[in-house]
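K.L.:
Dropping a structure here in structure tokens format, bear with me for questions.
The values are calculated or read from the model by the stated rules, or taken from the named source; none is laboratory data. The model shown is predicted, which means the values in this text are computed figures rather than measured ones. With ideal geometry, Cβ positions are generated from the backbone for all residues, glycine too; neighbour counts draw on all protein chains shown.
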Amino acid sequence: MQNMNILEGDLSPPPGRFAIVVARFNQMVTEPLLNGCRDRFARLGVSPDRLDVAWVPGSFEIPLVARKLAETRQYSAVVCIGCVIRGETSHYDHVAGQAAAGVMQASTQTGIPVIFGILTTETVEQALNRAGLKAGNKGAEAAEAAVEMVNLLNLIQPGGTTMNTTVPAGFGVGSGRSQGR
């Protein structure tokens, strides 16, 4: 039996501030996502005075503001909330693809977790369902992802606490949380 070190973030309240970048376009969807995000942060022990919200015109503009916020090093993580709904033209493909690529780039280039909480749906109904109507709230899930990533990176950073968990080779320790973002 081999020993392996398992590093996994948890949902305990991490230190620091969090930024939330929200697209104003499709606000009937993004506002409930923002509310779900704020509520989940509060339930995870992150008080409202540790949250800053930046509104941008649309999802295409999210990556630039997210990167600028991450570059300040004032935030432990940045959560991006938006909604792109397919229409009759290829505009959806361009906005959704560039928003996703830009959010990932902001995270990898700054080393700060930048969380993709941008819905990309076929219909308004699907978007509303994912904003809390029927299928949970993806804004809340994005807040959880931010907390988990901050805690994981705190484990990895030099001088951070690590978990030493002995498990047989081929087996891992899972959190049991859904990862269906």
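K.L.:
Within the range 1-115, which helices (runs of 4 or more DSSP H) (wholly inside it) include 3 or more residues that are among the basic types (Lys, Arg) and at pLDDT 95 or above?
P.N.:
Answer list for the range 1-115: 27-43.
K.L.:
State which residue pairs qualify: first residue under 19 Å from residue 103 (Cβ atoms) and inside the range 7-31, second residue crowded, with 21+ Cβ neighbours inside 10 Å and charged (D, E, K, R) in any location, beta carbons under 6 Å apart, and separation of 6 or more residues or different chains.
P.N.:
9/148
K.L.:
Do we find that residue 119 is outside any helix (DSSP H, G or I) and farther than 26 Å from residue 14 by Cβ in this structure?
P.N.:
Numbers: outside any helix (DSSP H, G or I): yes; farther than 26 Å from residue 14 by Cβ: no.
No.
K.L.:
Can you tell me which residues in the range 97-110 are loosely packed, with under 12 Cβ neighbours inside 10 Å and within 22 Å of residue 143 (Cβ to Cβ)?
P.N.:
In the first step, residues of the range 97-110 are kept if they are loosely packed, with under 12 Cβ neighbours inside 10 Å; the result is 101, 108.
Within the range 97-110, just 108 meets the criteria.
K.L.:
Which one is surrounded by the most Cβ atoms within 10 Å (Cβ to Cβ) among residues in the range 134-144 that are over 18 Å from residue 24 (Cβ atoms) and in contact (Cβ under 8 Å) with a residue 40 or more places away in the chain? Explain how you work it out, then say what you get.
P.N.:
First pass over the range 134-144, keeping only residues over 18 Å from residue 24 (Cβ atoms): 134-137, 140-141, 143-144.
Narrowing the set further to residues that are in contact (Cβ under 8 Å) with a residue 40 or more places away in the chain leaves 137, 140-141, 143-144.
Numbers: 137: 22, 140: 22, 141: 22, 143: 30, 144: 20.
Result: 143.
K.L.:
Can you say whether residue 90 is of a type in the set (Gly, Ala, Ser) and more than 27 Å from residue 8 (Cα to Cα), as far as the supplied structure shows?
P.N.:
On the way: of a type in the set (Gly, Ala, Ser): yes; more than 27 Å from residue 8 (Cα to Cα): yes.
Yes: the conditions hold for residue 90.
K.L.:
Here's a follow-up. Report, by residue number, each residue of the range 82-96 that is surrounded by fewer than 12 Cβ atoms within 10 Å (Cβ to Cβ) and of a type in the set (D, E, K, R).
P.N.:
Across the range 82-96, the qualifying residue is only 88.
K.L.:
A further question on this structure: Which ones in the range 14-59 are out of contact with any Phe, Trp or Tyr (no Cβ under 9 Å at 6 or more places or on another chain), over 30 Å from residue 125 (Cα atoms) and loosely packed, with under 14 Cβ neighbours inside 10 Å?
P.N.:
Scanning the range 14-59 gives 15, 45, 49.
K.L.:
Which of the residues that make up the range 111-130 are touching a helix residue (DSSP H, G or I) at 6+ places or on another chain (Cβ under 7 Å) and within 17 Å of residue 141 (Cα to Cα)?
P.N.:
Within the range 111-130, 113, 114, 115, 116, 117, 118, 119, 120, 121, 127, 128, 130 meet the criteria.
K.L.:
Give all pairs with beta carbons closer than 7 Å in which a residue from the range 46-70 that is in contact (Cβ under 8 Å) with a residue 40 or more places away in the chain meets a residue that is of a type in the set (Phe, Trp, Tyr) and not in a strand (DSSP E or B); count only pairs at least 6 apart in sequence or on separate chains.
P.N.:
As it stands, the answer is 59/25, since those pairs meet every condition given.
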